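Q: So that we are looking at the same thing, I have put the structure below in structure tokens.
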Amino acid sequence: MPPLFESGRMDSMPKKIDPSAREVRAARARAPAGVPHPHGGHRRGGAPGGVSRGSVRRWLAQAEVDDGSRPGVTSEESAEVKRLKSEVKRLREDNEILRRASILFAGELDPRNR
């Protein structure tokens with residue numbers, strides 16, 4: 001069986017985007033000033049570096065939320081929620097391990113099992 005990338009089956013995988021391309025200040029600098037696109041876009045034409053217009057639009061919207069000029073969840077808040085969810089998952093797994101261990105050890109100490 002050929003590797004996945006040589007077989008052409010993985011052509012639809014998302015591209016890794018250079019972090020500097022995501023920099024919203026650069027996206028704002030590239031966007032023309034004046035009237036926005038009538039269909040709600042922030043710029044006309046293709047975005048540089050193979051980044052879609054939709055990605056640039058989402059990055060700009062998130063930057064406005066982070067600046068406080070638009071309501072929504074900031075990047076810092078969403079990163080904190082992600083970190084806390086991960087921590088809760090790890091703690092639940094730890095509690096399950098401890099619960100099962102206590103059941104095992106309690107059964108070994110029970111005199112009726114001897």
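Q: Looking only at the stretch 38-58, how many residues end up being open to solvent by less than 50 Å² (accessible area, probe 1.4 Å) and at pLDDT 85 or above?
A: Matching residues across the stretch 38-58 total 1.
Q: Taking only the stretch 66-114 into account, find how many residues are touching a helix residue (DSSP H, G or I) at 6+ places or on another chain (Cβ under 8 Å), in a helix (DSSP H, G or I) and surrounded by 10 or more Cβ atoms within 10 Å (Cβ to Cβ).
A: 3
Q: What are the pairs with Cβ atoms under 8 angstrom where one residue, in the stretch 83-109, is without any contact (Cβ under 8 Å) to a residue 12 or more places away in the chain and the other, located anywhere, is of a type outside the set (Asp, Glu)? Sequence gap at least six, or different chains.
A: GLY107/ASN113
Q: Given (1) on the phi < 0 side of the Ramachandran plot; (2) open to solvent by less than 70 Å² (accessible area, probe 1.4 Å); (3) modelled with pLDDT of 90 or more; (4) assigned to a loop (DSSP other than H, G, I, E, B), identify the lone condition not met by ALA21.
A: Failing condition for ALA21: (3).
The values are calculated or read from the model by the stated rules, or taken from the named source; none is laboratory data. Please read all numbers here as calculations on a predicted model, not as lab measurements. Cβ: placed from backbone, ideal geometry, glycine included. Neighbour counts: every protein chain shown. Accessible surface is based on the protein model in full, side chains and every heavy atom, while ligands, DNA and RNA are left aside. Shrake-Rupley method; radii C 1.70, N 1.55, O 1.52, S 1.80 Å.
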